[in-house]
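The values are calculated or read from the model by the stated rules, or taken from the named source; none is laboratory data. If you're wondering where the values come from, they're calculated on a predicted model, not measured in any experiment. A quick note on method: Cβ atoms are made from the backbone with ideal geometry, for glycine too, and the neighbour counts reach across all protein chains shown. The accessibility values were calculated without ligands, DNA or RNA, using every heavy atom of the protein model including side chains. Shrake-Rupley method; radii C 1.70, N 1.55, O 1.52, S 1.80 Å.
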Amino acid sequence: MTEKATLRRSLTLLQVVFLGLAWNNPMVFFNTYGIAAETSKGVLAGAYVIAFMAILFTAVSYGKMAKAHPIAGSAYTYTQRSMNSETGFMVGWTILLDYLLTPMITCLMSAVFLSAEFPSIPFSFWIIILNIGITIISLIGINFSANTSKIFVIAQVLFIVVFAILTIKSVLGGMGAGTLVSDHPFVNSNVSVSVIFAGASLLCFSFLGFDSVTTLSEETINPEKTIPKAIFLMMLIMGIIYIGSSYLAQIVFPGFHFKNTDSAALELVKMIGGNLFSSLFITVMIIGNFTSGVSSVTSVSRVLYVMGRDSVLPKKIFGYIHPRFRTPSTSIIVVSFISLLGIVLSLDTAITFINFGALIAFTFVNLSVIAHYYVRNHKRSFAETIHYLIFPLIGAGFIMWLWSYLNIHALILGISWMAIGFIYLLFLTKFFRQRLRKLHFDDVNDEYLLIESQEKSISADS
């Protein structure tokens, strides 16, 4: 018995890249500027370079797995196909924690700015309005979401370009370091390596989002080639934006002491562009957060859809595709209701809950490369050992390093969430007496099909 996946395969490389960049939010540099500059003691560009290199190994692993398994579901699918369905479920369940909370956090970020500008309007009003807008765009269709993301991402990039121009003009006018060429943003003899690494650990999370494009595999034209290319382009663009912006910020403002660390970016923007530019900054920040919300809802709804299609989540709810819009509409609506929790949760509280799932996913995607290529397919020549064993181990090592910097509340919530998922897994498998189902590829029809076979006991399989 088979059931066809009905997502529309229409996305081009550029559309995938723009959706990924929208999730990542190029303006996130300004969100983290103050605390990152303070943590790295002014060696901000150097910290960004280390963060970029640390995440790059995992990004390469995602590209390799996207080529091997071009199916929506991201880390859930890769672990499921490379290891086993049960481990895949636990990884998928864990990443849902981050994916489900991200849309709410983007709404909270925008609502904070809007409430500051319009204090007479209730905070809850902005959460509801933002959620409605994000939900409508996400429901209408993937191409509409992609084109909307494209417009808003371009607006953010244009702002960053203007920021760069004004910064260069200010430096040439004698502000800050007074020169455009300096190595202090990268290295400083007065700052220890451990301090720079501490800053890098914080900034690694700025690169999260490249994995979101893998959830679009079933809606992308030629995903085996397009998704890896999209990941590479995203990392390249983010690296240029973040490292370039941090370099310019440090030469125009060499120090790391601010009136208010949380609003340090606004202080920087006012210094180089005045009140008009700072007003534009707030507008573009809201646009960036809104676009990130659209992209994050798009991503999490696809993960929920694949897990629903596999029947590890209720299929009637999460495995449904709208016949006209060809989007997982019920999954999108569920995510939107969860995002309404932003009415009662603070931004600080919500942010402490994220990143646990991302680190779990990153770790297992690196391990999936080893399991799929090195172990199962015996890719063990000297060059293949470097690509399929050494590089993934380095990537996993960097991710394990990031674990030490996780907030204790994130660890507690993450472990609790995993415990709930494990109990649910016991129910699904009848205490591991039955196997979970998985997707298979139909080479004849070039479609992804869910093949429902008779459930077999694990003991019988072994």
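Before moving on, here are some points about what is shown:
- Its alpha carbons give region 252-301 an Rg and a Dmax of 14.4, 43 Å.
- 5 Å-binned pair-distance histogram of region 314-392 (Cα, whole percent): 3, 12, 12, 10, 11, 13, 12, 12, 9, 5, 1, 0
- The H on the amide N of Leu11, modeled in the peptide plane, is under 5 Å from the matching H of Thr220, Ile221, each at least 5 residues off or on a different chain.
- Computed with a 1.4 Å probe over protein heavy atoms only, the accessible surface of the chain comes to 41 Å² per residue.
- When peptides 88-94, 316-322, 295-301, 134-140 are sorted by average Cβ neighbour count within 10 Å, with the highest value leading, the order is 295-301, 88-94, 134-140, 316-322.
- Comparing Leu393, Val171, Ile321 along the charge dipole axis of the chain, the residue lying farthest to the positive side is Ile321, per the Cβ-charge model.
- Between Ser311 and Val157, the FRET efficiency estimated from the beta carbon spacing at R0 = 51 angstrom works out to 0.80.
- The fraction of accessible area contributed by carbon and sulfur in the chain is 68 percent, rounded to a whole number (1.4 Å probe; ligands and nucleic acids excluded).
- Kirkwood hydrodynamic radius of the chain, from inverse mean 1/r over distinct Cα pairs, in Å: 22.8 Å
- Computed from the Kirkwood radius of its Cα pairs, the Stokes-Einstein diffusion coefficient for region 246-366 at 25 °C and 0.890 mPa s stands at 137 µm²/s.
- Annotation: amide H of Lys379 within the under-5 Å range of Tyr374, sequence separation 5 or more or interchain, hydrogens built in the peptide plane.
- Inter-part distance where region 130-174 and region 266-304 are each reduced to a Cα centre, Å: 7 Å
- Mean separation of Cα pairs under 8 Å and 6 or more residues apart, divided by the residue count, gives region 119-250 a relative contact order of 24 percent.
- Taking every full run of DSSP H in the chain, the ones that stretch at least 18 Å from end to end by Cα along their long axis and average 1.6 or higher on the Kyte-Doolittle scale are 123-140, 142-172, 356-369, 391-403, 408-428.
- Links that overshoot a 24 Å alpha carbon limit, given the list Lys379/Lys430; Lys225/Lys315; Lys169/Lys229; Lys41/Lys270; Lys150/Lys225: Lys379/Lys430; Lys225/Lys315; Lys169/Lys229
- Between region 19-73 and region 341-396, the Cα center-to-center distance that results, in Å: 13 Å
- Cα-Cα P(r), region 125-192, percent of pairs per 10 Å interval: 16, 24, 22, 16, 21, 1
- q = 0.13, 0.20, 0.22 Å⁻¹: log10 I(q)/I(0) that the Debye formula gives for region 185-320, counting C-alpha atoms only: -0.81, -1.28, -1.41
- Modelled label reach - Asp262, point 7 Å along Cα→Cβ, region 337-376 residues with backbone N closer than 14 Å: 346-352
- Cα-based convex hull volume of region 364-414 per residue, rounded to whole Å³: 58 Å³
- The ellipsoid equivalent to the alpha-carbon distribution of region 55-160 has semi-axes of 33, 18, 14 angstrom, derived from the gyration tensor eigenvalues as √(5λ) and listed largest first.
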